[in-house]
Structures are given as structure tokens and as C-alpha cells.
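Contents: one structure, followed by commentary.
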Amino acid sequence: MKNLLIIFLLLSGLLFGCSGDLSPSSVEDVALVSLLGVDYVDENKMKLTLAVPQSASSSEEPNQVYSTVSGMVKEGIVDLSAQAEREIKLNGLRVVLFNEEFARSGRMREVVEHLYRNPVIGGNVYVVVVKESAEELLSGKYPSKSGIVTYLNALLKPKPHNMFSPFTTIHDFMYTQTNPVLETMTPYIEKKEDVVEITGVTVFKEKKMTDLYDRKQGQLIQLLKDVERMPAATIQLNEDRHSEQVVIDFVKNKVDYKSNGNIHQPSLSIILYLKGTIYEYKGTKNLSRSRDFSELENEIQDYFKKEVSALIEELKQNETDPIGFSENFRMHYKGEWTQELTDQVFSDLSVTVSMEMHILATGTLR
Amino acid sequence: MDNNKRKKLNGYHVVFLVQNTMVGLGLLSLPNKLNSMGYSQWWLPLLLGVIANLTLIPMIWLFLRYPTENLYTLNEKLLGKWFGKFVNLFLVLYLIIFISSIVEGYLDLILIVALPDRPITGPLIVFFLVLLYIVHGGIKSIARFSIMSFFLTIWMLIFLYWPIIEGDPRHLLPVSNFTLKEWLQASRNGYFSMVGYDLIMIYFPYIIHQKRAFLHGSIGIWITSIVYFTVTVVSVMYFSPWQMEEVVYPILKLYKAVELSFFERIDVMGISLWVFLLLSTASAYLWVGKKGLDSLRNNNKTYHLYLLAILIFVFINIPFPKDLQDILYDQIFYLKLAIILWPNVLILVHLIRPKKGRTVT
């Protein structure tokens, strides 16, 4: 017992390493950057914007925002230290915002790689693309919210109701950028007067952002990526005849892929299993009748089959595969898998979609 | 206490001594070391476990025939006094370099992750104080510390849950996507992390149940192999091929995936707790080094321990050119391999010599 005590006392001595002469003595002396915005200036320059939460209630503003133009991230932070009265630290970084122009320029990877390399930055830092300017979004006023830092943090936390968005962390970004079987996706946000909204998802082709998909397509992509929980979806059935509208709350979904493993004539069958409950229905069917009920199930199945096939067709036209269909062929392939093989498999791919839909309940009313 | 008794290590002590001397710093970068095999590396730790277990057989076989000898005294006995001493001197030098390499590797990591922009001398001194304190208690104190380290760190495997959820199990296929050369390179780099069980040749005379030492040693080897296996499987699932190649400490990134509402930066805590694993490894090696010095000077003096610690401390602080250091630490592999295969040489000598010995006595 005495021995153990001595060991622990000695080990606690290792904590002395934590006290250094030049290091700040209290939280108030450190500016812990929560949000980092990057805007496009020209081919070699970018504009960095940092948002730092104010620690004390001494100031009216909940956050401080600093901006500078520089060639590299570290250089910009050193520049900003000259403006800031506190030491700037990236340890508390939560979200990195890039404006669309910067994302399309293909330089996002170099910035994210810098952050990924930095050991003081945590792994769950989210990467998003902003429609116009990250600086404008960060320095904007949001009177009904408690400051942009808390607001964006909460907005970009994965929750069941917003799972149409991919919630890309810096790890995911680097993973998808460097994995030849799939392309990168990020959420796409817009500033609309005094709110910020996730309006869609971006898809990259290698280093550059190329396409933008809306929330509905984003949800289907997530569905195909086998995300377990999905947000509710509004479905318009029978657009040609009497129109019906259904709101499905998904309880569980699963997707199975079966490939023929042949990269010269690739074919893939996709089986989707969906379970959900219906809380809103506008139409002529009487859902308490089992015939109408199963008819509705079939209609929803057909709807999803059509939508998924259309989405895959669009992805093929754009030649980007954020879902990673070719992973099902890579796992049967001997040798090094390359981007060219992914492109070849994806362009030749023939897909059959089948689907099993189960409606579990229709609420407590008849 | 039982300091006067010669035999003091029970079965549990042997299991955890073997297990903890193997898991030092190697685990931190294992998936990166095995990278030449790409995604197919995940089953390699199991194969390395089999190899380790096979090489344990000659060690135990030999020392069961010399139950009161350790490797140093046996070297002198079988190879002659002067040649034996020469081999032992070589071993002690190797141990100094080896302990320096792991302590330095860990301190570099602490410098990067937990204590950036700070001088490392202070923590280094405290580290050595703890190390000396543990070794001072003898092999049983090291064994007990190993048991404690094991239980203080093994629970961290729970944090692999997050990367498993995010990972893609399809990466595990195809199983055999590599060439012979890639496999050899991965095995060579990976075996670095397996060594440590060979120290059983030094503490063998202290084991109470020597006949069951092989079983206990094997259990230790397999605990390590399974931990290694788990970590490589999760890494393969979680990383892209580029990340497998570029991320030097994959475990750090795996810990960074953890999302807990009440705890941030598990990676910093993990690396700090790693000091236990490192202390148990370094203390076992240091004790073995001290035994070596004892046998070289034919006496048992406590100051040998301090002498070794000072030599290691100085060695760490000598500003070697980085290239030279890397080459030196890398070439140690062949020495390690030689030590693991050494019992076979001794067995050969043993098989030739005894006839003479028997006729003389």
C-alpha cells in the first residue's frame, strides 16, 4: 500500500510538466478559437476569420471575430495574434467553414490536411461549405440566437432530424479525399437574414467541389450510405392522378449491396429495407383497411425505387460517387485500387434497386 | 517480504510480465508499421503471435534444463567465461540503446500531444525516478506493477467502439492482397512490437512453477496478440489507404473519434495513461540490464542500477544526428531477432557439450 502511494506521488510529479513559464495562467488569457472561416481571395491567398467565444460577461458581444488575409493557415494565425489581446489557440476548434469559391478552387484539402496534422485539434471538428462568404456568416448578427459559436455548434451536431446532411469531420474529409473508392461530401449552409440554414450537400470530384444536391437527394445519399437513423420525409405520391401526400418518420433503415465482383461488366443489386411510421396522410385511402394499407406500402416502395434510381443516374451523369459503390468491387479485386478503376466501374455500372418497406404504425387515431 | 526467497513469481506474475514487456510503444504505431501490406494487414498480428509462441519453445526447453541459471550465467557456462562475458556485454549495450529508444519515443510523443512547446527534461527526470523506484523493488515489484498497468490501461479498448461504428468492415476483404516482399517487410516491422517475451530467459530462475512457465508465457503472448489484432482490425476499418500510410500514431486518431458529452480529447488522456505501459516495459528491461551488469562484474550491487539509469539518461540527452539515431534504432531489430534465436544456438552447444561435462563429473 505504502509503495503504491509513493508510486502515485512520483507519477503525479509528471504533472509538473504542465507548468511552464511562458504559458498563460488562466482561461481568460487564452482565446480558444471555436469557428474558423476560410474565404477565397485569389489563387494563392485566402481570408481567415476566427470566431472566439468571450469568456466573461464583461462585453456585450458573445463572440469576438478576427480576420486577415494570408497564404497559409499558420501564417494567418500568427498575423491575427498581433490583433488579439489574448493568445490564440486552436485546441477548442469545432467547425471550419469554407466558402463555395474556395471549395471549388480545390484548395480545401491543403487547409484540412494542415488541421488534421495538428495534434492539438480534436477529431470531431466539422467541415462545412458556406454559400457566399464565411466571414459574413461569422460576423453576422443573429438577434434571436445566443451568438454564432453556440448556434453553429448546435446546428451542426448530428441529430436524427437533420441526418440528410453528411456531417463531415476533418477525419471524414481526409478519409474520403484519400480513399479512391468514394468522393467527399460536406453540408452546405446559407445565411438567410438572421438565421443559418443547411440547404443541401456538396459533392466533390477529387479535390474540387463540383456539385450541389438538395436536402431530399442528400437524404437518399445518406440512405444508400447505410446511415441508421433518418429524418422524416414528405412524399408526394401519384402526381399524375389524385395526389396523395405522406409524411414518414423512419424508425430503421438498412441497405445491402450485392456485386458480381466483375470490374469489366460491373453489376450491383441494391436492397433497401425501410421501417417507418406514418403520422400525416393526405389522400383518399382508408388506412385502417388492410388492402389500402398494403397498397400504400407498395406505392411508397415504388416511389423510393424511382427516386433512388434517378439519383444514381444523376450521380453517374456527374461522374461522382459519394456513396462508394465501387467498394463492393474493390473488395474482390487483387492489386492496388485506383481512382481510374473507380471511374471505370462507376461509368459501366448497372444497378438494380429493390426495396422492402414496412409501415409499423399510423398513429393512435383510426 | 520475500526478498530473500529466490523463487517469487507466480503464474499471474509471469503472464503479465510477458504481456506488459511486449506492449510498450509498439502498439501506438503498429498499423502504420504493417502498412506495406495495406488493408490485408489485419490478420498479421495473429501470425506474429504464432511465431512468437513457437520461438518461446526453445527458450523454455533450454532453461528447464538449467532451472537456476539466467541467460547471462548460462552464456558464461556454455560459451566459456570470456566469450560469454563478451556476449553479455553486447547484450547490456543493446539494452541501454533499446531502453533509450522507447523512452525517447514516448517523450517525443508526449511533447507532440500532451505538453507542446515545453522542455522535456523535467518530466524525463521524474520518469526516471519512478522507473528506478519500481526496479528497486526487484522483479516481483515489476511484475506487480505490470498487473496494475494492465488493468489501468486495458479498459481503453472500449473507446474503439466509435471507430468501429464509423468504419467500413468491407475493407477487410480481400484477405491476401499483397506480394511476398510486402509481407516480409510488414512482418519485419511488426515483429518489433512483439519482442519482450524473450526477457523470460532472465527471470526464469525466479519463477515458482517453472514447468508451467510455457503455458503462462503463451497466455501473455496471446493477450498481446489479441490486443494488437483488435487494434489493427479497427484501424483497417476506419482509415483510408493513404491514412494508413501517413498517420504515424493511428491510435491517437482512433481515440480522436470518440464523442462523449462529458469528456473531450480522450487521446490526450490515453497517451498520458500510456506512461504505465511504458514504465512496466522500461522497468523490466532496466532490471534485466542491471542483472547483466551484475553478471559482468560478478557481484550484485545496487549502484549498477543507478549507473545504467545515468547511462540511459545521458544517451537520451546526447544530441545525435537524427539520421544516425533512426538507423541505430532501426538496426536494433536484427539484434532483437538474434536474441530471440539465441537459445537455439545455446541448445546446440548444450547438445554438444553435456557429454563432455558428464564424463568430467
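Inclusion of B:V231 among residues that are in a helix (DSSP H, G or I), more than 14 Å from chain A (Cβ to nearest Cβ) and at negative phi is warranted. If the condition is being open to solvent by less than 40 Å² (accessible area, probe 1.4 Å) and either under 30 Å from A:W337 (Cβ atoms) or touching a strand residue (DSSP E or B) at 6+ places or on another chain (Cβ under 6 Å) (or both), then segment B:34-83 contributes B:L34, B:N35, B:S36, B:M37, B:G38, B:Y39, B:S40, B:Q41, B:L44, B:P45, B:L48, B:G49.
When we screen B:V195, B:V227, B:V231, B:V268 for residues that are in contact with a Gly (Cβ under 9 Å, 6 or more places away or on another chain), touching a residue at least 40 places away in the same chain (Cβ under 8 Å) and either open to solvent by 10 Å² or more (accessible area, probe 1.4 Å) or not basic (K, R) (or both), the only hit is B:V195. Of all the numbered requirements in (1) at the interface with another protein chain (Cβ under 9 Å from one of its Cβ atoms); (2) farther than 19 Å from B:K7 by Cα; (3) touching a Ser or Thr at 6+ places or on another chain (Cβ under 9 Å), B:S149 misses one, and that requirement is (1). Here A:K258 does not qualify as surrounded by fewer than 18 Cβ atoms within 10 Å (Cβ to Cβ), under 28 Å from the mean Cα position of the chain (by Cα), under 25 Å from A:T202 (Cα atoms) and touching a residue at least 12 places away in the same chain (Cβ under 8 Å).
For (1) open to solvent by 10 Å² or more (accessible area, probe 1.4 Å); (2) at pLDDT below 90; (3) under 24 Å from B:G167 (Cβ atoms), each residue gets a yes or a no:
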residue: A:F98; (1), (2), (3): no, no, no
residue: A:L115; (1), (2), (3): no, no, yes
residue: A:V130; (1), (2), (3): no, no, no
residue: A:E135; (1), (2), (3): yes, yes, no
residue: A:L138; (1), (2), (3): no, yes, no
residue: A:S144; (1), (2), (3): yes, yes, no
residue: A:A154; (1), (2), (3): yes, yes, no
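With respect to A:G335, determine if the residue is in a loop (DSSP other than H, G, I, E, B), exposed (fewer than 13 other Cβ atoms within 10 Å of the Cβ) and not assigned by TED's automatic domain parsing to the domain that holds A:V201.
Values: in a loop (DSSP other than H, G, I, E, B): yes; exposed (fewer than 13 other Cβ atoms within 10 Å of the Cβ): yes; not assigned by TED's automatic domain parsing to the domain that holds A:V201: yes.
The answer is yes for A:G335.
Restricting attention to segment B:111-126, the residues being at the interface with chain A (Cβ under 8 Å from one of its Cβ atoms) and part of a helix (DSSP H, G or I) number 5.
Can you tell me which residue within segment A:235-277, out of those that are assigned to a strand (DSSP E or B) and of a type in the set (K, R), is modelled with the highest pLDDT? It comes out as A:K258. For B:I316, the test of being more than 14 Å from chain A (Cβ to nearest Cβ), closer than 19 Å to B:V103 by Cβ, crowded, with 23+ Cβ neighbours inside 10 Å and under 24 Å from the mean Cα position of the chain (by Cα) is failed.
Could you tell me whether A:D302 is surrounded by fewer than 22 Cβ atoms within 10 Å (Cβ to Cβ) and either closer than 23 Å to A:P166 by Cα or within 14 Å of chain B (Cβ to nearest Cβ) (or both)? Give the steps one after another, and end with the answer.
Values: surrounded by fewer than 22 Cβ atoms within 10 Å (Cβ to Cβ): yes; either closer than 23 Å to A:P166 by Cα or within 14 Å of chain B (Cβ to nearest Cβ) (or both): no.
Criteria not met by A:D302.
Here is a check on your reading of the model: is A:E75 more than 21 Å from the chain's Cα centre (by Cα) and either open to solvent by less than 10 Å² (accessible area, probe 1.4 Å) or without any contact (Cβ under 8 Å) to a residue 40 or more places away in the chain (or both)? Yes; evaluated as a whole, the condition is true for this residue.
Does B:Q41 satisfy the criteria of being polar (S, T, N, Q) and out of contact with any Pro (no Cβ under 9 Å at 6 or more places or on another chain)?
Details: polar (S, T, N, Q): yes; out of contact with any Pro (no Cβ under 9 Å at 6 or more places or on another chain): no.
So B:Q41 does not fit the description; no.
The values are calculated or read from the model by the stated rules, or taken from the named source; none is laboratory data. The structure displayed is predicted, hence computed values, not measured ones. FYI the Cβ positions are ideal-geometry reconstructions off the backbone, even for glycines, and counts take in every protein chain you see. Each accessible area value is taken on the protein alone, full model and side chains, heavy atoms only, with ligands, DNA and RNA left out. Shrake-Rupley method; radii C 1.70, N 1.55, O 1.52, S 1.80 Å.
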